[in-house]
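Below: the structure, in structure tokens.
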Amino acid sequence: MLIARARDGARKPNQMNRRLYTLDVFTTKRFAGNPLAVVTDGDGIPTAKMQSIAREMNLSETVFIQRPTNNRALARLRIFTTTRELPLAGHPVIGAWFLLAELGVVPASEGSVHILQQTGAGILPVELAFHNGRPVRVTMTQRPAKFTRATFSRATLAAALGLKPSDLAPSLPIEFASTGISNLMVPVSRRAVLAKIQMNMPALAHLVSPHGTMAYCFTLSGRGRAYARGMVPWGAIEDPATGSAGGSLGAYLVHHGQLKPGEQLQITQGVEMGRPSEILVEVSGDKGKLTPKVSGSAVRIFEGHIEA
């Protein structure tokens, strides 16, 4: 009782207990996929405080759910890394809406439910698939893809990844692709090369940071199958599952004739760091625009409160 009173007495007038959850995203198994923190009652938290909470969570992203400022959307998502706010990211969207579906914010319905979300990248659609009253998959639609050829040499990039130039696949270009967030697409020659990557942070940041967020290194294993690693030089981390980069990869492969519009791409990521993840991508080619849809599942790990 004394502890409770002391805590209440120390609380500032504008602070309140906020509901906090963590999930593993792009997986159906606990302790795999990409961890995510979600604060479900994020209204009224100053931006600086949201950034502090994200830094405290020390995960690749933390999401704050707020009332939308646009009445077309069901909710507004504000997404923070440990250092900055992002307009859009894949695993925060998938995980946040999977959680909101479990909590009943999205009414359960056998089959698919379509809603709109508000993000820093605009009003975007989300599709939720239910089975026996429970969410089983969330699909987000990303922005139409934009491509920018890299201006640095393959040898320079290979060295920044601890690879040889011959480890990079010669038949596909080194290219920045953006479907909301720009990432560098790095095709490697075979799956064994992925295990050899050793990131030189300053060198890779010099190449990637002016235009993109990460180097998304991938190799194809038959049509519609890819293995990938997401190297993030500005954070000195590897990302176990990256929905934004997965969508960019799907659009990139369609753009370069390795995949047809409407054909499904299955991406396995995070194996080398012990957090295997599965990302599904499908790209539409309407009106000359390549627009990816990225799908995945999530597993709830923790729930509690945080004062903010």
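Residues in segment 258-271 carry Karplus couplings, in order, of 8, 8, 9, x, x, 7, 7, 10, 9, 10, 9, 9, x, 4 Hz; the curve used is 6.51 cos²θ - 1.76 cosθ + 1.60 with θ = phi - 60°, and Gly or Pro positions show x. With Rh defined as the Kirkwood radius, the inverse of the mean 1/r over Cα pairs, the Rg/Rh of segment 146-289 is 0.93. Remark: Arg72, Arg67 ranked as Arg72, Arg67, counting other beta-carbon atoms within 10 Å and listing the fewest first. Around the Cα centre of segment 146-289, unit charges on the Cβ atoms of Lys, Arg, Asp and Glu (plus for the first two, minus for the last two) sum to a dipole of about 320 debye.
Our coupling estimate for segment 22-36, obtained by passing each phi through the Karplus curve with A = 6.51, B = -1.76, C = 1.60 and θ = phi - 60°, is 10, 9, 9, 10, 6, 7, 10, 10, 5, 6, 10, x, 10, x, 9 Hz, Gly and Pro reported as x. Highest-first packing order for the peptide set 82-92, 284-294, 177-187 is 177-187, 82-92, 284-294, based on the mean count of other beta carbon atoms within 10 Å.
Assigning unit charges at the beta carbon (Lys, Arg +1; Asp, Glu -1) and nothing else, what dipole magnitude in debye, to the nearest 20, does segment 8-101 show about its Cα centre?
120
Considered as an equivalent ellipsoid built on the Cα gyration tensor, segment 212-266 has semi-axes of 22, 11, 9 Å, the largest given first. Across segment 66-74, computed HN-Hα scalar couplings (Karplus, 6.51 cos²θ - 1.76 cosθ + 1.60, θ = phi - 60°) run 10, 5, x, 8, 10, 6, 6, 8, 7 Hz from first to last residue, x flagging Gly and Pro. Each of Phe80, Phe130, Phe302, Phe26 has some number of other Cβ atoms within 10 Å of its Cβ, and from fewest to most they run Phe302, Phe130, Phe80, Phe26. Between segment 201-229 and segment 245-308, the C-alpha centres lie 14 angstrom from each other. Separation of the alpha carbons by more than 19 angstrom is noted, of Lys29/Lys196; Lys196/Lys260; Lys146/Lys260, for Lys29/Lys196; Lys196/Lys260. Counted over segment 82-140 with a bin width of 10 Å, the fraction of Cα pairs per bin, in whole percents, is 23, 53, 20, 4.
Short-range pairs are left out: with C-alpha atoms under 8 Å and at least six residues apart, the relative contact order of the chain is 21 percent. Between Ser153, Ser109, Ser60, the residue with the greatest mean-square fluctuation in the GNM of the chain (Cα pairs under 10 Å linked by springs) is Ser153.
Each reported figure results from applying straightforward, stated rules to the coordinates on display, with no laboratory input. Nothing here was measured: the structure is a model prediction, and the numbers come from that model. All Cβ positions, glycine included, derive from the backbone under ideal geometry; neighbour counts span all protein chains shown.
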